[in-house]
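Okay, so here's the structure we're looking at.
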Amino acid sequence: MLQRKLFIAVICSCSYLFIQAQDIDLNKMLEEEQKKEDKDKIKYTEATFKTTRLINGHSIENLAPGIMDLKISHRFGTVNGGAYEFFGLDNASMRMGLDFGITPHLMLGVGRSTYQKQYDLFVKYKFLRQSTGKRNMPISLAVMSAVMATTLKWTDPNRPNYFSSRLQYAHQLIVARKLSESTSIQIMPTLVHYNLVTNAADPNDIIAIGIGGRQKITPRVSINIEYYYQLPAYQIPNTANSLSVGFDIETGGHVFQLHFSNSRGMTERTFISETAGKWSKGDILFGFNISRVFTIKKPRKK
Amino acid sequence: MKLIQFIPVVWLICTSFVQPVIYTSNNGVVNFRSEAPFELINASSKELKGAIDLSKNNFAFRIRIRSFEGFNSPLQKEHFNENYMQSEQFPEASFSGKIIETIDYSSKGKYTIRAKGKLTIHGVDQERIIKSEIEVTGNSIRISSNFSIMLSDHNIPIPRVVKEKLANEILVSINTELFAK
């Protein structure tokens, strides 16, 4: 009798467990289904960086089509100017720019900097996107080309001056990888070309390799670092490599970028190849970028 | 005496070996809406997965957070995923549990039922009872439901700067049709 009772109890508990097991199955079943679907889909990595600029230079990010981004950037004087210069804040230079997203892969922008009364124009094309799932692509790739024109008065108006002498170019390949949700890195080999250089001995082509990254501290705040190493053989004498450290802070439709850098310029030519200050000497400038996006063309509803 | 003892056992064995009758769907529609004083946000997804086990009145629903489209700008969508839902960390929202009422699935008709279960959004579980309309059509089961979700219930804070642009109460509507598997 006791044996039988035991037997019943075992069967009861077994079948109870069996029912329990089946209850969970429904959820598992959907999960399996999802996994199967994911294998057939390409999942593109999004938001490698918060905005289209890392600090001074470009990040891998593009603007979405139909979006206009108004960028206002300030760089103050060097901090080592002391209290007399109010730690650099007496000396502001700025760049106003408008960026446009044309297609999901193409963006262009124009800007005007007070520094050397400079105009700039750039295009950026992203031709490879990091992805997982059906297609596994470890990196994203983009090319960026910019042309810059200084419009300062000619230093010697008596000699023949050509407009082309005002132009400089920068071409950049951007290789980026989002390592994890909060960490991303990118490498930017760059060529800067001067149509006319100041001294005959200066090189017309400057080659630099940039490296940068970001680390999120909270979902809305990240620390960014950007460094451009100029190859010594292709470098204007007495210039330093540009090193910048900053924060991205996101609030609603704005992204604020606050940073410290030894570069004063905000265009490729000025910060990559014409940085004069050195961190070791305290030639550090405070600066910020404010970005405000506007939707100028709504995507067509499906 | 012995027979009586055996009845629950037989019953349990029988029920546990009853072939589960499962209805599923892969393309249900989920809409959500935030009605704040300064901004109206709308987004929807057509990738709601659902399953109902008719034999036990159990159900499960899942949705990929990244599958939501719409919004007022691409940046808003990015912020939805990056800052609010943290969809890399919590890629899915789910609701699973039991239907309180017993429905006669063999006869066609519309029923109002209450679904009781665990609603998981942003990694936070909430016990919820959600009212739904069910229509048994013969070869399918249609489900539609309107309910609301409090962001504060799911540990999704609203930053002060967007307080007037994002409602704490998010209105959700669901429409799906499940077929026998």
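The values are calculated or read from the model by the stated rules, or taken from the named source; none is laboratory data. This one's a predicted model, so the numbers in the text were calculated from it and none came from an experiment. Glycine gets a Cβ as well: all are built from the backbone with ideal geometry, and neighbour counts include every protein chain shown.
Given the criteria away from chain A (no Cβ under 14 Å), of a type in the set (S, T, N, Q), over 30 Å from residue B:54 (Cα atoms) and surrounded by 14 or more Cβ atoms within 10 Å (Cβ to Cβ), does residue B:175 qualify?
Judged against the criteria, residue B:175 is not a match.
Please specify each residue of the range B:147-157 satisfying the condition of being assigned to a loop (DSSP other than H, G, I, E, B) and either surrounded by 17 or more Cβ atoms within 10 Å (Cβ to Cβ) or polar (S, T, N, Q) (or both).
B:155, B:156, listed by residue number.
For the range B:80-108, give me each residue that is more than 13 Å from residue B:55 (Cα to Cα) and among the β-branched types (Val, Ile, Thr).
Within the range B:80-108, B:100 is the sole residue that qualifies.
List every residue pair whose Cβ atoms sit under 9 Å apart, with the two residues 6 or more apart in sequence or on different chains, where the first one lies in the range A:233-257 and is more than 14 Å from chain B (Cβ to nearest Cβ) and the second, anywhere, is part of a loop (DSSP other than H, G, I, E, B) and acidic (Asp, Glu).
The qualifying pairs are A:236/A:202; A:236/A:274; A:237/A:202; A:239/A:274; A:240/A:283.
When the range B:72-101 is examined, which residues are found to be acidic (Asp, Glu), more than 7 Å from chain A (Cβ to nearest Cβ) and either closer than 28 Å to residue B:161 by Cα or assigned to a strand (DSSP E or B) (or both)?
Answer for the range B:72-101, where residues must be acidic (Asp, Glu), more than 7 Å from chain A (Cβ to nearest Cβ) and either closer than 28 Å to residue B:161 by Cα or assigned to a strand (DSSP E or B) (or both): just B:92.
Please find, among B:139, B:155, the residue that is more than 22 Å from residue B:181 (Cα to Cα) and at pLDDT below 95.
Criteria check complete, one pass: B:155.
Of A:270, A:190, A:198, which residue is of a type in the set (Ser, Thr, Tyr) and part of a strand (DSSP E or B)?
Every option except A:190 fails the conditions.
Which of the residues that make up the range A:228-240 are buried (at least 18 other Cβ atoms within 10 Å of the Cβ) and under 19 Å from the mean Cα position of the chain (by Cα)?
Result: A:228, single match.
With the requirement that a residue be within 13 Å of chain A (Cβ to nearest Cβ) and among the aliphatic types (A, V, I, L, M), what does the range B:30-61 give you?
Result: B:36, B:41, B:43, B:48, B:51, B:52, B:54, B:60.
Among strands (runs of 3 or more DSSP E) lying entirely in the range A:36-121, which contain 1 or more residues that are of a type in the set (Asp, Glu)?
A:67-78, A:93-101
For residue A:166, are the conditions met, namely being more than 15 Å from the chain's Cα centre (by Cα), closer than 23 Å to residue A:266 by Cα and basic (Lys, Arg)?
yes
Against the definition (out of contact with any strand residue (DSSP E or B) (no Cβ under 8 Å at 6 or more places or on another chain), among the hydroxyl-bearing types (Ser, Thr, Tyr) and within 29 Å of residue A:178 (Cα to Cα)), how does residue A:132 come out, yes or no?
no
Does residue B:169 satisfy the criteria of being away from chain A (no Cβ under 14 Å), farther than 30 Å from residue B:73 by Cα and of a type in the set (Asp, Glu)?
no
Is it true that residue B:69 is surrounded by fewer than 16 Cβ atoms within 10 Å (Cβ to Cβ), at the interface with chain A (Cβ under 10 Å from one of its Cβ atoms) and at negative phi?
Yes; evaluated as a whole, the condition is true for this residue.
Here is a list: B:110, B:118, B:56. Which entry is in a loop (DSSP other than H, G, I, E, B), in contact with an Asp or Glu (Cβ under 8 Å, 6 or more places away or on another chain), more than 30 Å from residue A:67 (Cα to Cα) and of a type outside the set (A, V, I, L, M)?
Testing whether each residue is in a loop (DSSP other than H, G, I, E, B), in contact with an Asp or Glu (Cβ under 8 Å, 6 or more places away or on another chain), more than 30 Å from residue A:67 (Cα to Cα) and of a type outside the set (A, V, I, L, M) leaves just B:56.
Among the candidates B:140, B:107, B:94, single out the residue that is closer than 22 Å to residue A:29 by Cα, surrounded by fewer than 18 Cβ atoms within 10 Å (Cβ to Cβ) and among the polar types (S, T, N, Q).
The match here is B:140.
Report whether or not residue B:114 is at the interface with chain A (Cβ under 8 Å from one of its Cβ atoms) and without any contact (Cβ under 8 Å) to a residue 40 or more places away in the chain.
So residue B:114 does not fit the description; no.
Of these, A:191, A:108, which one is surrounded by 14 or more Cβ atoms within 10 Å (Cβ to Cβ) and more than 23 Å from residue A:229 (Cα to Cα)?
Of A:191, A:108, the one residue that is surrounded by 14 or more Cβ atoms within 10 Å (Cβ to Cβ) and more than 23 Å from residue A:229 (Cα to Cα) is A:108.
Which condition breaks for residue A:177 when tested against (1) touching a residue at least 12 places away in the same chain (Cβ under 8 Å); (2) outside any strand (DSSP E or B); (3) over 23 Å from residue A:269 (Cβ atoms)?
Exception for residue A:177: condition (2).
Does residue A:75 count as modelled with pLDDT of 90 or more and within 19 Å of the chain's Cα centre (by Cα)?
Yes.
For the range B:30-43, what are the residues that are surrounded by fewer than 16 Cβ atoms within 10 Å (Cβ to Cβ) and either of a type outside the set (A, V, I, L, M, F, W, C) or closer than 22 Å to residue B:179 by Cα (or both)?
Residues satisfying the conditions are B:35, B:37, B:39, B:42.
So, residue A:209, is that one more than 22 Å from residue A:51 (Cβ to Cβ) and either at pLDDT 95 or above or aromatic (Phe, Trp, Tyr) (or both) or not?
So residue A:209 fits the description; yes.
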